[in-house]
Amino acid sequence: MNPEDVLRLANAAPSGKRPHFFADADVDRLLAIIWSMAAELAVTRERLDSVERLLEARQTLARADIEAYRPDAEAARERGQAQLEYIARLLRVLQQEVEVMQRGAAEPSAEDVSRELASR
């Protein structure tokens, strides 16, 4: 595939309307960019894992080895666990906000505690 085709496909607009989850469409766009970057990083992490495993096993490595590598069941399980942990870290801020909403106003915020301590 030539570079022009790659750019055309990468920038093709989705069919139908893009869903909006936030009142501000810019936030939706930013979130889409962040998730795209997260997906790219996830692929990079898997490739790095392949490189590390192949180097450990063979002490040498060719690009074709990376492309042909298929993880065994244990490696796939480890990768799956790493992916879950990675996603949890990415969504940590949202999870924390949900937890705060679930607790309600029962616990003071970090800002409230900071102000209280500063006023003493």
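The values are calculated or read from the model by the stated rules, or taken from the named source; none is laboratory data. Bear in mind that the values here come from a model prediction, so they are computed numbers and not experimental data. A quick note on method: Cβ atoms are made from the backbone with ideal geometry, for glycine too, and the neighbour counts reach across all protein chains shown.
Structure notes:
- Here the condition is being part of a helix (DSSP H, G or I) and loosely packed, with under 11 Cβ neighbours inside 10 Å; of Glu46, Glu85, Glu52, Glu78, it holds for Glu85 alone.
- Within region 61-87, residues that are under 15 Å from Val51 (Cβ atoms) and at pLDDT 90 or above sit with their Cβ atoms under 7 Å from residues that are of a type outside the set (Ser, Thr, Tyr) and in a helix (DSSP H, G or I), at 6+ positions apart or across chains, in these pairs: Tyr69/Leu54; Pro71/Arg79; Ala75/Arg53; Arg79/Glu46; Arg79/Asp49.
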